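Trainee: Structure incoming, see below.
Just so it is clear, none of the values below were taken in a lab; they were calculated from the coordinates. From a predicted model like this one, the values you see are computed outputs, not experimental measurements. In this analysis, Cβ positions are derived from the backbone assuming ideal geometry, glycine residues included, and neighbour counts consider all displayed protein chains.
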Amino acid sequence: MKGDRNNKKAYEQLVETFKKFKKGCTVADLTARTGLPLEQVKELVPQIVDEYSGRLEVTESGEILYSFPRGFVSKYRGLRARLRSFLKGVKKISIQVGTWLFKMWILLMLVGYFVLFVVVALFALLASTVISVSGSSDERSSSRRGNGIGGFYAISYVLDLFIRIWFYSELTRSIDQAYGIDRRPPRPRGRPLHQAVFSFVFGDGDPNMDWENREKRAVLSYIQANKGIISLPEFMILTGRPPQQAEAEILSYCAQFGGTPEVTEAGTLVYQFKELLMNTLQIEKNSSGLTTPIKRLHSFSKNPPSMNRWFAILNGVNVLFGGYFLVNSLIVGIPVQEHLRGFSYLYTITYALLYSLGTNPLAILFWGMGIVPFVFSVLFYLIPLVRYQRLKEKNEEIKTENLRKTTYLRIWENPRRVLPSDIHPATEEYAPRRLKETTEKIIKEMGTYSVPEVQFEDKQHEPVYSFPELEREKEALETQRKQADLSAYRLGKTIFDSHGETNQ
């Protein structure tokens, strides 16, 4: 099943890649553009040609050019194909809707509980004022209402006042809008609030998504641009892998993309990928143009820091109130008159309000205003905290890998003289915490592949590394590329066209 899913994904990727070619392309072109294994491309291309009635042009070299002049209209138009397309669309829409609903749920939980707790606190404050005024005007009458009837009356009075104020504000706002009066200054449109809250909790995704595939494409493009030849140090520069790991990985590339290890006349090991040379680009370039793909650092959130602080403050209010109602519902339970004083006052007032509304106060206070907001708020803090720590570690790994690439490149460009102090990070992406120690460690990693000569400067006592064997390997590689004959990999003219246009 997993193999079928991978083939399906690769199939769709190849179709999208075909659409980017205005003219015909070869299997080598598709492999370099997609990073898919050569044999998998060879297996899937005939299926795509069959489904979309592709055009085949056989060249003088025997290589086939694939194109789709009639577009990408599938010949499979039956009920099964339509149902599959419909289900695919439903799945895509369901994922989008589900994601949106989840983000909205987080926003409503954060803001909704904050508003609820603030309203409850204000209500309790007003109720306290009304009760104290009522008690001072008729202390004897209040004492007769020992069962809390006076308190309930005061609470219902305050509730009625709240409703009247809210209704009046809504009415006046509606009138203002009807006559085009808007007292609020226009605000610039920014990021939707539900996306901002989601970004605070879960971040904004991986900036290096599909990195393995992107890295493969960069390596394959470099191989094609350099006569199908690559050395292990160049592979290390492009991937940022240490020597031992790079040796194992480049053999995997050989298995996937038709490469073979070969020894030059000077005794240097290189890797040739002849099958990748049968492409339509036919680019020739030397290794001096070596550039490395760089990973980007993970950011905690794209929100402004002030916005994240407000989210934290709102959630802090929810933590305090949720914990307050949870503790009181466990300790106090059903409150009595004496709980109107001290720590349990707000809990008692809220209980009385819920009771007057004909609900089950204890269940609502324990679950709805205790457990649920408290657990949610703790997770609202805990998830970003754990994510922040992991991002710090991940970013250090990224910085080290990027520094490894630029250090290897510096050594490759001038193997005879390498000073750690000469390696300066261009940006933050190249600068791990212990820059000096990490740089020296990376240079010593290269020393496990090519043993350096080490000297010390008289004044600064800084080690100076020299890699004479690496320099000889570089010279042998350049000679090998100069001697490589690409004439055998020219596609030549078209000698057969499946659409009937043949050049003789």
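Trainee: Neighbouring Cβ atoms within 10 Å as the yardstick, rank 354, 110, 277 fewest first. The partial results should precede the final answer.
Mentor: On the way: 354 18, 110 24, 277 21.
The fewest-first ordering by Cβ neighbours comes to 354, 277, 110.
Trainee: To the nearest 20 Debye, how big is the dipole of region 388-472 about its Cα centre, given +1 on the beta carbon of each Lys and Arg and -1 on that of each Asp and Glu?
Mentor: On the way: 16 positive and 17 negative charges, 55 e Å.
Dipole size: approximately 260 debye.
Trainee: Could you give log10 I(q)/I(0) at q = 0.21, 0.30, 0.33 Å⁻¹ for region 68-115, computed by the Debye formula over C-alpha point scatterers of equal weight, without solvent?
Mentor: Calculated log10 I(q)/I(0) at the listed q: -0.79, -0.99, -1.05.
Trainee: If you don't mind, there's one more thing I want to ask. For region 208-223, just list the computed ³J(HN,Hα) in residue order, Karplus coefficients 6.51, -1.76 and 1.60, θ = phi - 60°, integers in Hz, with x standing in for Gly and Pro.
Mentor: 10, 4, 6, 5, 4, 5, 5, 5, 4, 4, 5, 5, 5, 5, 5, 4
Trainee: With unit charges on the beta carbons (Lys and Arg positive, Asp and Glu negative) and the dipole taken about the Cα centre of region 388-472, which residue among 447, 431, 418 sits farthest to the positive side?
Mentor: Checking the options against the dipole of region 388-472, the answer is 431.
Trainee: Could you give me the ³J(HN,Hα) list for region 447-455, computed from phi with Karplus coefficients 6.51, -1.76, 1.60 and θ = phi - 60°, whole Hz, x at Gly and Pro?
Mentor: With the stated coefficients, region 447-455 comes to x, 6, 9, 10, 5, x, 9, 10, 10 Hz.
Trainee: Let me ask something additional. Kindly give Rg over Rh for region 292-428, based on alpha-carbon atoms, with the Kirkwood expression for the hydrodynamic radius. Don't skip to the answer; put the middle values down first.
Mentor: On the way: Rg = 26.9 Å, Rh = 19.6 Å.
Rg/Rh for region 292-428 comes to 1.37.
Trainee: Please arrange 264, 348 by how many other C-beta atoms lie within 10 Å of their C-beta, fewest to most.
Mentor: On the way: 264 16, 348 23.
By the 10 Å Cβ count, ascending, the order reads 264, 348.
Trainee: Which FRET efficiency, nearest 0.05, do residue 47 and residue 73 yield, Cβ-Cβ r, R0 22 Å?
Mentor: Values: r = 16 Å, r/R0 = 0.71.
Approximately 0.90, to the nearest 0.05.
Trainee: Scan around residue 65 for amide H atoms under 5 Å from its own, H built in the peptide plane at 1.01 Å from N, and keep only partners 5 or more places away or cross-chain.
Mentor: 57, 58, 59
Trainee: Does anything in region 16-54 have its amide N under 14 Å from the 7 Å Cα→Cβ label point of residue 91, and if so which residues?
Mentor: Once the point is set 7 Å along Cα→Cβ of residue 91, nothing inside region 16-54 turns out to lie under 14 Å by backbone N.
Trainee: Can you work out the FRET efficiency for the pair residue 128 and residue 367, with r the C-beta to C-beta distance and R0 = 35 Å, to the nearest 0.05?
Mentor: On the way: r = 26 Å, r/R0 = 0.74.
Using R0 = 35 Å, I get an efficiency of 0.85.
Trainee: Just need the Rg to Rh number for region 408-447, please, alpha carbons only, Kirkwood Rh. Please report the intermediate quantities before stating the final value.
Mentor: On the way: Rg = 10.0 Å, Rh = 10.6 Å.
We get a ratio of 0.94 for region 408-447.
Trainee: For residue 498, what is the net charge nearby, where nearby means another residue's Cβ is under 9 Å from its Cβ and Lys, Arg count +1, Asp, Glu -1?
Mentor: Working: positive: 55; negative: 57, 497.
So the surrounding residues net to -1.
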